[in-house]
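Reading through the C-alpha cells given below for one structure.
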Amino acid sequence: MPTTAVMWFRRDLRLADNPALLDACDSDGVLPLFVLDPALWGPAGVTRRAYLGASLRALDASLRQRRASLSVVRGNPVRQVVLAARQVGASRVHVAADYAPYGHARDLEVEQALADAGIELVRTGSPYAVAPDRVRNQSGNPYKVYTPFSKGWMEHGWRDPVDAPTGATWLALDETADIPDPELPPGLELPEAGEAVARKRWAAYVEEHLADYDDERDRPDLDTTSRMSRHLKWGEIHPRTMLADLRGRTGAGATAYRRELAFREFYADVLFQRPDSAREYLRPEFGAMPYDEPGEPFDAWREGRTGFPIVDAGMRQLRATGWMHNRVRMIVASFLVKDLHVEWQHGARHFMQWLVDGDVASNMHGWQWVAGCGTDAAPYFRVFNPTTQGAKFDPDGRYVRRWVPELADVPAKHVHQPSASPDGVPDGYPEPIVDHSAERLEALARYERIRS
C-alpha cells in the first residue's frame, strides 16, 4: 500500500547530507515540517529568533526549487506533529535524534503520542559526527575528560556524507503559519543564514584560512576564524561534511580544527550524561563558593563599560553581531566569575540571549570550564588577566579599536590599559571598575574556603 511520511526538521535545516530526510523520501510522499515550539521560542533571545527565521526561509527557498515548501505550525510538538502526520496520512515521522535535555525528553513524549495514533517515530542520525553516548572507555563508562574522549572519538569514526534527495514526491499542509521575521534592535546586524551560505563559507575558509588556523585561531584582531558555529548550531551544515573536507589534510590547521569539532561533541556527550549540568554545577562542590549578587558591575559587564578594553570590545561585539571570538569569550567569562565574583549561570544566560550560535552544551560547559567547575581537572587557578590577554592576542589593538571607538586614538602601547597612558583615559571611556590583581587574590581566597 502507498505510504507517506513526515520529515520533522529541527536542528538540521538543510537538504544535503541529511540521512533522516533521505529515509523520509523513501516513501510515496513526504511532508517537510517545522514546529515553532513555544518552549524553545519563548526563552530564545531576539538574535536566535531572527536567525532561525532567516534559516527557515532559506530552507523553504531550497524546497521551492524542488516544487515543494516548508509547512510551519505553532504549538506543542506533542500535539502538532501528530495532527500534521494524520492530515497527510503518514505512517512514519522521521527525525535526527536530539540529545539535548529538553529535546530528548520532548521526543519521548512525541514518540508515545505518535504510537497511540499508530504512527512510528524514526530516528536517523544526529547533529553530530558521533552521537552522544557512543564513545566510551574500556570499562564501558563515558569519558569525563576531553583528551581521551577525542582519541576515542577519532577511533570510532563517522560515516561519509550523503547527497540531497532527488525525485521525491512532496506534500504540504492545508494551512501553515508564516515564518517569523522578528525586528532586530538598533545596532544589531546578523549574518546571512542558510545551507548555501554555510557551504560557500566553509569552502572559502578551507581554501583561504584553514592552513593558518592553529596559528591564528586565538587572534580576534585578524578575523580569520571560520565562524561556522552558527551554521552547525542550526544544522545548515553537518560536521560530517566538514570532516570529509578535512580528510587527508595533515597540517596543523586541519588538525586543530578537527580538535575543535571533537570538543563540540565532547560537550554534547557530557551534557547528555549529566542533563542537570545545563543549569547546575558539573562539580557540585563549587556551588558552596561565596559569590556576589549581580548588580551594577554586572550591568557594566553586559554593556561593555568595565574599563578593561578587551572585555568591553567582546561584549559590544556580542550585542552588535550576535557572535564573539572564542578567545574573547574565555576572557570575558573569566572576568565575570573571577574578577566580579558573579556565578557563571548569569553570564551563560546572557550569552544565550544574544549568541546566534547559542548551543546549550557548548555554551554552558564552556562557561563551566572557565569558571573552574566543569570538565577541566585543576582549573580554578586559571584567572585570565584581561590586560595581558588583550596585549597578547590583540597586539596592535585593532580588535579593541573596532568595537571601542573611544580608544581609537590611544597608542597601541596603552590601548589595553588606557589608564597608563600619559594622556589618561579618554573622555567617555570608564576607569577600570575593579583592581584585577586584588580580585584575583580574592577569587583564590574564596576557592580556598571550599577546599578546606
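Details
- Accessible surface of the chain, 1.4 Å probe, proportion on carbon and sulfur as whole %: 47
- Residue-by-residue Karplus 3J(HN,Hα) for segment 339-355, coefficients 6.51, -1.76, 1.60, Hz, glycine and proline x: 9, 9, 6, 9, 4, 4, 4, 5, x, 4, 5, 4, 4, 5, 6, 10, 6
- Remark: spin-label model distance residue 276-residue 288 equals 1.6 nm, labels positioned 7 Å along the Cα→Cβ axis.
- With protein chains left intact and a 1.4 Å probe, residues in the chain average 45 Å² of accessible area per residue.
- Solvent accessible area, Å² - residue 330, 1.4 Å probe, full protein context: 30
- Backbone phi angles across segment 81-87, fed through the Karplus curve with coefficients 6.51, -1.76 and 1.60 (θ = phi - 60°), yield HN-Hα couplings of 5, 5, 4, 5, 5, 5, 4 Hz in residue order; Gly and Pro are listed as x.
- Amide H contacts for residue 6 (H built 1.01 Å from N in the peptide plane; partners 5 or more residues away or on another chain; cut-off under 5 Å): 31, 92, 93, 94.
The values are calculated or read from the model by the stated rules, or taken from the named source; none is laboratory data. Here the structure is a predicted model, which is why all the values come from computation and not from measurement. Counting neighbours? That spans all protein chains shown, and the Cβs are built from the backbone with ideal geometry, glycine included. Side chains are part of the model used for accessible areas, which takes the heavy atoms of the whole protein and leaves out ligands, DNA and RNA. Shrake-Rupley method; radii C 1.70, N 1.55, O 1.52, S 1.80 Å.
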